[in-house]
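Below: the structure, in structure tokens.
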Amino acid sequence: MDVVDNIELTYLSISDYEALKEAMVESYTGLANPYWTRKQVETLINQFPDGQVAIKVNHQIAGVALSIIVDSSKYEHLHTYKQITGNYTFNTHRPDGNILYGIDVFIKKEFRGLRLGRRLYDYRKELCEKLNLKGIAFGGRIPNYHHYAKDMSPKEYIEKVKRKEIHDPVLDFQMSNDFHPSKILKNYLEGDAHSKDYAVLLEWDNLYYEKKSEAPSAIKTVVRLGLIQWQMRPYSNLEGLMQQAEYFVDAVSGYRSDFALFPEFFNAPLMAENNHLSEPQAIRELAKYTQEIVQHFSKLAISYNINIITGSMPEIHHDRLFNVGYLCHRDGRIERFEKIHVTPDEVKIWGMEGGNHIQVFDTDCGKIGILICYDVEFPELSRLLANEGMDILFVPFLTDTQNGYSRVRNCAQARAIENECYVAIAGSVGNLPNVHNMDIQYAQSIVFTPCDFAFPSNGIKAEATPNTEMILIADVDITLLRELNQFGSVRNLRDRRTDIFDLKKKRKKNDL
């Protein structure tokens, strides 16, 4: 094709049949029955017109994509082309199915090189998303396999194609369009001598698929975060502390935030009344306030319609001291999280122990994780949470010096990149000269993002002014994480070499 004046993607019409037949005969020279009959094409168009499209160059058919909708249970097991098409009658098409199954796609030789096939696949993906289907599947030919059949199995052949040791024009193209091989189909297409009757089941997952449910869903995709950069100041009693906490909850909920994040040990000012005691005794006195504070926060979460992450507080369980926090849902549920890695000073000065339990939390804004300060410096924890579907990681922290803060900040940003998630960190500022071991604080609260085209180039969505009491409000879009996982410049989660390493949680006998 010397000159291209016009390219258009159009629905296939039965009036296109003769041109379609001619194009198929030219494209499938190695097959015994290379074209569909007029009746078969008419059936497809009548049953599922949106699934049958042609791409035309200078008003001539250059390529075609034909599809049906099937139930996932019909293709998950081994099947043949004849079975999936209902003996070529297409009576397997189910308008209420959940998989777009590709029946045919081809580009005429004279039009190859114009990337027309990509346009057809992109249309299928858009159609899949529009119809809210789980994904796309089809049996892909491996037309160069007959050159290697004597020396290797289909599995070995596919692995070599994936490693670019062997070129297969069909499989290479499909994998470059984000389809991944799922299984080998034996005796798939009768008469496909070039593929030795083998095919590869190729799949594409729709990241936007929402499982149909009779129950109403309120899961949000754009989530507003409210971070509280808390000023340490003296409080005469618990009532004064919670009055200040409510002020901040009121402020961030006034901006319709979905989450309020408080810092680690934000309630440390209450230790002032026990400054005459030793540090271990003083913090155990502070722990006596924890449950009352949690109940206060739960009431605030309900009344201000916001999920509150309470930062962290000391808590005594079976005479052992832990650093814990609570997630107070706006629907009244309360969940607990623990600091896993306590710092050397927490052990040395307070006799604090690390917890044993780590989990993701299901919220009305999706799955979240919470790690307390030092925990974010251990990448295994956040990776375990990412494996369980975490989209947002919240990190309440407390650091006294800038170098301590830099450890938390830099590790938190790394967690956002490697786990393809958002990370929100919030800390305390100011000083408490009348509380031992809590003299000074340094913080800059930040919301980190992955570093790719859909996100800020420096990976920072929003940041507070260092060492200043304030709130920070930021919106994060969960759908961008789904796109990153599928189409990112790099795909950290998908590219993990789990064939050579494994990461999993262990259950300890002394779990709380």
- request: Check residue 167 against each of (1) in a loop (DSSP other than H, G, I, E, B); (2) open to solvent by less than 40 Å² (accessible area, probe 1.4 Å); (3) over 18 Å from residue 68 (Cα atoms); (4) modelled with pLDDT of 90 or more and name the one condition it does not meet.
  value: (2)
task: Might you check whether a residue that is over 26 Å from the mean Cα position of the chain (by Cα), under 15 Å from residue 178 (Cβ atoms) and open to solvent by 20 Å² or more (accessible area, probe 1.4 Å) occurs anywhere in the range 107-116?
output: yes
- request: Only residues in the range 432-455 that are on the phi > 0 side of the Ramachandran plot count as the first member; pair them with residues that are outside any loop (DSSP other than H, G, I, E, B) and among the hydrophobic types (A, V, I, L, M, F, W, C), Cβ under 7 angstrom, at least 6 apart or cross-chain, and list the lot.
  value: 437/349
- line: Apart from one, (1) touching a helix residue (DSSP H, G or I) at 6+ places or on another chain (Cβ under 9 Å); (2) open to solvent by 30 Å² or more (accessible area, probe 1.4 Å) all hold for residue 64; the odd one out is (2)
- line: Subset of the range 182-196, residues under 16 Å from residue 149 (Cβ atoms), in contact with a strand residue (DSSP E or B) (Cβ under 9 Å, 6 or more places away or on another chain) and without any contact (Cβ under 8 Å) to a residue 60 or more places away in the chain, comes to 184, 195
task: Kindly provide the set of residues from the range 170-185 that are at pLDDT 90 or above and under 21 Å from residue 31 (Cα atoms), ordered by number.
output: 184, 185
- request: Filter the range 429-452 down to residues that are within 19 Å of residue 392 (Cα to Cα), outside any strand (DSSP E or B) and either β-branched (Val, Ile, Thr) or open to solvent by 20 Å² or more (accessible area, probe 1.4 Å) (or both), then give me how many there are.
  value: 4
- request: Select, from 42, 156, the only residue that is within 26 Å of residue 194 (Cβ to Cβ), charged (D, E, K, R), modelled with pLDDT of 90 or more and more than 31 Å from the chain's Cα centre (by Cα).
  value: 156
- prompt: Filtering the range 9-38 down to residues that are open to solvent by 50 Å² or more (accessible area, probe 1.4 Å) and touching a Leu at 6+ places or on another chain (Cβ under 9 Å), which residue is modelled with the lowest pLDDT?
  reply: 35
query: Quick one: residue 101 ticks every box in (1) touching a residue at least 40 places away in the same chain (Cβ under 8 Å); (2) buried (at least 20 other Cβ atoms within 10 Å of the Cβ); (3) part of a strand (DSSP E or B) bar one, so which box is it?
result: (1)
- request: Filter the range 382-440 for residues that are in contact with a Leu (Cβ under 6 Å, 6 or more places away or on another chain) and of a type in the set (A, V, I, L, M) and give the result.
  value: 395, 423, 424, 426, 438
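I need the full set of residues from the range 198-208 which are in a loop (DSSP other than H, G, I, E, B), at pLDDT 85 or above and open to solvent by 50 Å² or more (accessible area, probe 1.4 Å), in order please.
Taking the range 198-208 first, the residues in a loop (DSSP other than H, G, I, E, B) are 198, 206-208.
Narrowing further to those that are at pLDDT 85 or above: 198, 206.
Once the filter is applied, which keeps residues that are in a loop (DSSP other than H, G, I, E, B), at pLDDT 85 or above and open to solvent by 50 Å² or more (accessible area, probe 1.4 Å), the range 198-208 yields only 198.
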task: Scan the range 131-150 for residues that are touching a residue at least 60 places away in the same chain (Cβ under 8 Å) and assigned to a loop (DSSP other than H, G, I, E, B) and report the count.
output: 5
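The values are calculated or read from the model by the stated rules, or taken from the named source; none is laboratory data. All of these numbers come straight from a predicted model, not from anything done at the bench. No Cβ is skipped: glycine too gets one built from the backbone with ideal geometry, and neighbour counts run over all protein chains shown. Surface areas here come from the heavy atoms of the whole protein model, side chains and all, with no ligands, DNA or RNA. Shrake-Rupley method; radii C 1.70, N 1.55, O 1.52, S 1.80 Å.
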